[in-house]
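Data first, discussion second: the structure below is written as structure tokens.
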Amino acid sequence: MIALRAKGVEFETTYINLRDKPDWFLKISPHGKVPVLLVDEVPLFESNAIAEYLDETVEPRLHPSDPILKARHRAWTDFVSDFAASLSAVYYAKTKADSEALYETATKRLDRVEYALSVDKSEGLYFGGDKLCLVDAAYAPFFQRFLFADEFLKTHLLDAYPNTKRWALNLMECETVKGSVADVFEKEFQANLIRRETYVSTLIPVA
Ligand SMILES: N[C@@H](CCC(=O)N[C@@H](CS)C(=O)NCC(=O)O)C(=O)O
């Protein structure tokens with residue numbers, strides 16, 4: 001969604017209930033997961049594959065043109081699944097103790113992101129400079145979720161990683177990122193945390 005918005009592509013979004021996936025969706029999504037991008041009736045799946053397809057076909061390019069830098073951006077984009085899994089484990093934990101026990105892995109992954117920023121980030125607000133790149137598009141959704149949960153969990157995990165924290169906060173201020181989620185995002189995310197009986201959901205004041 002962020003890559004589509006960054007490129008100014010016209011697209012239509014259909015949100016589905018992941019707890020009750022419609023048949024038409026199961027037919028087009030090989031793993032039953034979102035996102036899926038339908039291009040001329042052909043379903044593309046896996047965020048990175050979708051982002052790469054968009055980058056090859058639509059201007060402006062969000063990957064750097066230099067092949068070495070592009071390979072390094074791709075490598076950091078590949079790391080997002082490990083990174084996201086470690087942060088989501090912290091806020092999906094069912095007890096305070098379980099959540100805190102997961103800080104260590106999250107810290108190791110944050111350490112790698114801090115390293116990525118120190119060696120491969122361009123000057124500017126985002127990973128690729130003052131314009132979003134595909135590394136930004138890959139990480140932003142996970143920072144969005146973690147920062148929402150962390151308002152209540154108060155892990156302070158990002159405090160030890162100043163470059164990561166600044167990057168995450170810059171992404172949260174970016175209109176392309178902000179507009180990439182539905183208006184009900186926070187409400188739905190909170191409902192998901194409650195349904196999963198997470199520790200963090202017990203800390204969120206009832207509206
Ligand atoms: N590696 C996939 C992961 C996609 C993924 O895990 N999507 C989640 C939502 S963020 C999903 O559809 N979960 C539903 C399910 O697994 O049933 C990608 O990047 O596209």
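For the residues Asp82, Asp40, Asp150, a GNM of the chain with alpha-carbon springs under 10 Å puts the largest fluctuation on Asp40.
Note that the chain carries a Kirkwood radius of 18.1 Å, evaluated over its alpha carbons pair by pair. Accessible surface calculations at 1.4 Å, restricted to protein heavy atoms, place the chain at 58 Å² per residue. Within the listed set Val90, Val119, Val177, the Gaussian network model of the chain (springs between alpha-carbon atoms below 10 Å) gives the highest mean-square fluctuation for Val119.
Using equal-weight Cα scatterers in the Debye expression, the normalised intensity of segment 1-96 in log10 at q = 0.11, 0.21, 0.25 Å⁻¹ is -0.44, -1.19, -1.32.
Can you bin segment 2-57 into rounded, prolate or oblate? Criterion: square roots of the alpha carbon gyration tensor eigenvalues sorted a ≥ b ≥ c, rounded for a/c under 1.5, prolate for a/b above b/c, oblate for the rest. Here segment 2-57 falls in the prolate category. Sites listed here are GluC sites (Glu not before Pro) in segment 1-104 whose DSSP assignment is loop and whose Cβ has at most 12 other Cβ atoms within 10 Å: Glu10, Glu12, Glu41. Based on C-alpha pairs under 8 angstrom that are at least 6 apart in sequence, the chain has a relative contact order of 22 percent. Surface calculation, 1.4 Å probe, protein heavy atoms: His156 sits at approximately 120 Å² accessible. Pairs from the table (Lys70/Lys154; Lys121/Lys178; Lys70/Lys131; Lys33/Lys131; Lys7/Lys121; Lys108/Lys154) lying more than 23 angstrom apart at Cα are Lys70/Lys154; Lys33/Lys131. In a DSSP loop and with at most 15 other Cβ atoms within 10 Å, the GluC sites (Glu not before Pro) in segment 148-207 are Glu197. Entry note, the chain: the mean residue ellipticity at 222 nm calculated from DSSP H runs of n ≥ 4, each adding -39500 (n - 2.57), is -17500 deg cm²/dmol after division by the residues and rounding to the nearest 500. Computed over protein heavy atoms with a 1.4 Å probe, the carbon and sulfur contribution to the accessible area of the chain reaches 53%.
The values are calculated or read from the model by the stated rules, or taken from the named source; none is laboratory data. Just so it is clear, the structure is predicted and the values come from calculations on it, not from any experiment. Please note: Cβ atoms are built from the backbone with ideal geometry, for glycine as well, and neighbour counts cover all protein chains shown. Side chains are part of the model used for accessible areas, which takes the heavy atoms of the whole protein and leaves out ligands, DNA and RNA. Shrake-Rupley method; radii C 1.70, N 1.55, O 1.52, S 1.80 Å.
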